[in-house]
Amino acid sequence: MKLGLLEELRVKGSRPLVRRVFASPWLRGALLASKQRELARGLDPDIALMLALGEKTGDVELSAGSASAARRGMLAAIRVVEDDPAGDVIVREREVPGAVGELRARLYEPDGLRAPSPGLVFIHGGGWVTGDLDTHDTLCKRLALTARIRVIAIEPRLAPEHPFPAAVDDSVAAFRHVAANAASYGIEPKRLGVGGDSAGGNLSALVGLETRADAVRPKMTLLVYPAVDATCSMPSHAELATGYLLTRASIAWYLGHYAGATPRDTPRLSPLFTPDVTGAPPALVVTAGFDPLRDEGEAYAKKLAAAEVPVEVQACPSMVHGFALMTLSPAAMSDTVRFCARTGEMLRA
């Protein structure tokens, strides 16, 4: 999604302004005065500052309006609080087959990376309603550069225009296409993984489960604060229902658009309820301490481990949901770089 002229001007004006606020001890102190309880619990101060700024500008709750407005708001907000990675990445626009038609895709190749290389099919987050190739462009560049892999980002159909299970069907179809044509993307098929954040983590987990019997299955799954339990019944949903970017109200809004009347414990909606996850690909599960989805991510990792699936958990206790797109915070940058680097290591193992 592209921003309008006024939105572009607002982003260009907001980026330097936010950085000036971050650099000013007086302004930091004034804004963080309202976040003392959260800071005492261990929230990263720079993340707390972003939350305080968002509350002042009204940019925190994207689900207050229409889906199209939320999509534009998400892109604008990310562009203000992300920092670009250092390094050269060749970016090519592509298309890949989805379940019923072509999907937008984007291939990221670090300059000088020989082919074939390890690769990752990346599926963006955004509650199955928002997010696209542009919202996650910087994260995909960082993944490619840090992990030294080729990343092929895909854009499944979004709800409410295309409700459940359209995004699942598109993600599985797109992965299978890339797996069958890995050489054309410069990727070694035996070192091809799948990953994503939030709703993209949900879809990546499902790709891993639904391709267990395929000739080319994912080498690993990267599940960044994944949404794997649509019942929202874990304690962290009650503990962190408001105040930490992703709220109970926004989760209900996203699920209402995407899942509709689908029972929330349906395994293709909630991978945590898959009866048997034996044979799922090895997984790297990333959780954030101040994320309502924290407990379900940890529960899914335990479910995989109980089925003897190799799994690692990278806990990020001072972070909120979405921190990988908030790399203006040095701590968020550090945690993001860490899971990117580990992804490369797992794909090469």
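The table for this structure:
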{"read-out": "Isotropically averaged projected area of the range 126-184, using the convex hull of Cα atoms (one quarter of hull area), nm²", "value": "4.5 nm²"}
{"read-out": "Zero-based 5 Å bins, Cα pair distances in the range 10-134, whole percents", "value": "2, 8, 14, 16, 16, 14, 13, 9, 6, 3, 1"}
{"read-out": "All-pairs Cα distance distribution in the range 130-222, expressed in whole percent, bin size 5 Å", "value": "3, 13, 25, 26, 21, 10, 3, 0"}
{"read-out": "Against the rule of thumb 2.2 N^0.38 Å, how large the Cα Rg of the range 167-261 comes out", "value": "1.27"}
{"read-out": "Shape metrics for the chain, restricted to C-alpha atoms - Rg then Dmax, Å", "value": "18.9, 59"}
{"read-out": "Cα-based helix-to-principal-axis angle, 248-258 vs the chain, degrees rounded to 10", "value": "40 degrees"}
{"read-out": "Accessible area per residue, Å², the chain with all protein chains present, probe 1.4 Å", "value": "39 Å²"}
{"read-out": "Electrostatic dipole magnitude of the chain [Cβ: Lys, Arg +1; Asp, Glu -1; Cα centre; debye, to 20]", "value": "520 debye"}
{"read-out": "Nearest-10 value in Å² for the accessible area of residue 233, using the 1.4 Å probe", "value": "80 Å²"}
{"read-out": "Sites residue 264 and residue 8, calculated FRET efficiency, Cβ-Cβ separation with R0 45 Å, nearest 0.05", "value": "0.75"}
{"read-out": "Convex hull per residue volume in Å³, alpha carbons only, for the range 63-177", "value": "98 Å³"}
{"read-out": "Residue 257 - accessible surface, heavy atoms, 1.4 Å probe, Å² rounded to 10", "value": "60 Å²"}
{"read-out": "Percent carbon-and-sulfur accessible area, the chain, ignoring ligands, DNA and RNA, probe 1.4 Å", "value": "57 percent"}
{"read-out": "Exposure rank, largest accessible area first [197, 276; 1.4 Å]", "value": "276, 197"}
{"read-out": "Long-range HN-HN contacts of residue 188 with modeled amide H, under 5 Å", "value": "117, 119"}
{"read-out": "Whole-percent pair-distance distribution, where bins are 5 Å wide, for the alpha carbons of the range 296-342", "value": "5, 20, 25, 18, 17, 11, 4, 1"}
{"read-out": "Assigned charges on the beta-carbon of Lys, Arg, Asp, Glu; the range 109-165 dipole about Cα centre (debye)", "value": "320 debye"}
{"read-out": "Diffusion constant of the range 65-110 at 20 °C, which comes from Stokes-Einstein with the Kirkwood Cα-pair radius and 1.002 mPa s, µm²/s", "value": "160 µm²/s"}
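The values are calculated or read from the model by the stated rules, or taken from the named source; none is laboratory data. Computed from a predicted model, the values in this text were never measured in an experiment. All Cβ positions, even for glycine, are placed from backbone atoms using ideal geometry, and neighbour counts span all protein chains on display. Calculation scope for accessible area: heavy atoms of the full protein, side chains included, ligands and nucleic acids excluded. Shrake-Rupley method; radii C 1.70, N 1.55, O 1.52, S 1.80 Å.
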